[in-house]
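S.K.: Here it is, the structure, as structure tokens.
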Amino acid sequence: MWADLESGLRRIAIVSMPCESPAAGLVALGAMRRRLALVDANDSLSHFQRMERLADQRECETFLRHDTFRGRFRLESKDPRGFVWVRGAHTASARNGPLRTVIFPSHANEWRFDGEAPMQNIQGTGLPYASFYGEMIQGAQAPMQSNLSKSDSGICLAGRVSGESVSKGILDSIRFQIQDQVVALPNLLTIQRWSPGTISRVTFFNTRTGQIDRSTGCTRVVVTDGDGAFLKVIEATEFRDSTIVGVVHRVLERDRLESIGVKIAELAQWYAPDNDLLNQLPQAPGGITISALKRR
């Protein structure tokens, strides 16, 4: 439902649970399942679309680097045909001034943002449990076959501040079954370190170390597991434009609960209640409450 309300505005939600739970992993799985049904939900296209968005913005300059061409290139413009143009500040092949060239979606992976790591398009076998995604949500649009064999970084799971192994251990308690086949939740999430050898459709942000497992700059939604993870992600510069869904529980010390309340109060000057979403959601199960905000 939230994805259907996409308007380009950043949104922040808090799902309040009455007890400890693996709910963050389920939220991340639901978001991943949604992107499996979208035409452009893969790393290569997301990387190019980020360049397109920044080419339309004239407030600040954006610089790129190429795998082969030397020097920096300024992201210049997007013309009416949809071509993204860059102009080099210095290149050995330019005799009559800086090289000006166009970036096509087909070779966007050859370009990276200055100061960032190269775009990682994870190679590997397709999703091994493809049938589970089709059966998971009744009435949902079917996954696109092409997405089952392409990596994607639109969804990020931010683990607990106690560490990655603790986060995975909690999610391991959830199992899905189709006939005689049983799969644990971490295997369906396809996080790179948890499912080696296959493509990855979810990134993992280690809130204990402050590191994301693969750098893409294309994160659309971050699902945070616990109050500590939420507070770290809300302040992280790499997620300043990402939608955030924080899953917290109320069996916490009073000062930790108050820290969440203080942060939500601080956000009120820039965010308004997201009534469009809240009015469409079904009644939450007993003991679970949801708050949602959207940028003004």
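The values are calculated or read from the model by the stated rules, or taken from the named source; none is laboratory data. If you're wondering where the values come from, they're calculated on a predicted model, not measured in any experiment. Reconstructed Cβ throughout: ideal geometry from the backbone, glycine too, with neighbour counts over all protein chains shown. For the accessible areas, the whole protein counts, side chains as well, though only heavy atoms, and no ligand, DNA or RNA atoms are used. Shrake-Rupley method; radii C 1.70, N 1.55, O 1.52, S 1.80 Å.
S.K.: Taking DSSP loops as anything outside H, G, I, E and B, show the longest stretch in the chain free of GluC sites (Glu not before Pro) there with at most 15 other beta carbons within 10 Å. Working shown, then result.
M.R.: Details: sites that count: 6, 20, 59, 61, 116, 253.
Answer from the scan: 117-252.
S.K.: With a ≥ b ≥ c taken as the square roots of the eigenvalues of the C-alpha gyration tensor of the chain, please select rounded if a/c is under 1.5 and otherwise prolate if a/b is larger than b/c or oblate if it is not?
M.R.: Prolate is the answer for the chain, as a/c is 1.5 or above and a/b outweighs b/c.
S.K.: Taking the highest mean first, how do the peptides 172-178, 225-231 order by number of other beta carbon atoms within 10 angstrom per residue?
M.R.: Ranking, from highest mean packing down: 225-231, 172-178.
S.K.: I'd like the antiparallel share, as a percent to the nearest 5, of DSSP beta bridges with both residues in region 109-248.
M.R.: Around 30 percent antiparallel, to the nearest 5.
S.K.: Strictly over 30 Å apart at the Cα level, which of 232/294; 78/263; 78/232 would you flag in this model?
M.R.: Where the Cα-Cα span goes over 30 Å, the pairs concerned are 78/263; 78/232.
S.K.: In addition: Based on the mean of other beta carbon atoms within 10 Å per residue, what is the order of 9-15, 145-151, most packed first? Kindly include the intermediate steps, with their values, before the conclusion.
M.R.: Values: 9-15: 19.6, 145-151: 16.7.
Output ranking for 9-15, 145-151: 9-15, 145-151.
S.K.: Counting Lys and Arg as +1 and Asp and Glu as -1, what is the net charge of the other residues whose Cβ lies under 12 Å from the Cβ of residue 201? Please list the in-between numbers first.
M.R.: On the way: positive: 33, 34, 35, 150, 214; negative: 43, 152.
Value of the local net charge: +3.
S.K.: Just from its helices, what would the mean residue ellipticity at 222 nm be for the chain, if runs of 4 or more DSSP H residues each count -39500 (n - 2.57) and the sum is divided by every residue, rounded to the nearest 500 deg cm²/dmol?
M.R.: -7500 deg cm²/dmol
S.K.: How much accessible surface does residue 62 have with a 1.4 Å probe, in Å² rounded to 10?
M.R.: Near enough 20 Å² of accessible area.
S.K.: Is the C-alpha gyration tensor of region 178-267 telling us rounded, prolate or oblate? Criteria: a/c under 1.5 is rounded; beyond that, a/b larger than b/c is prolate, otherwise oblate.
M.R.: The shape class here is oblate.
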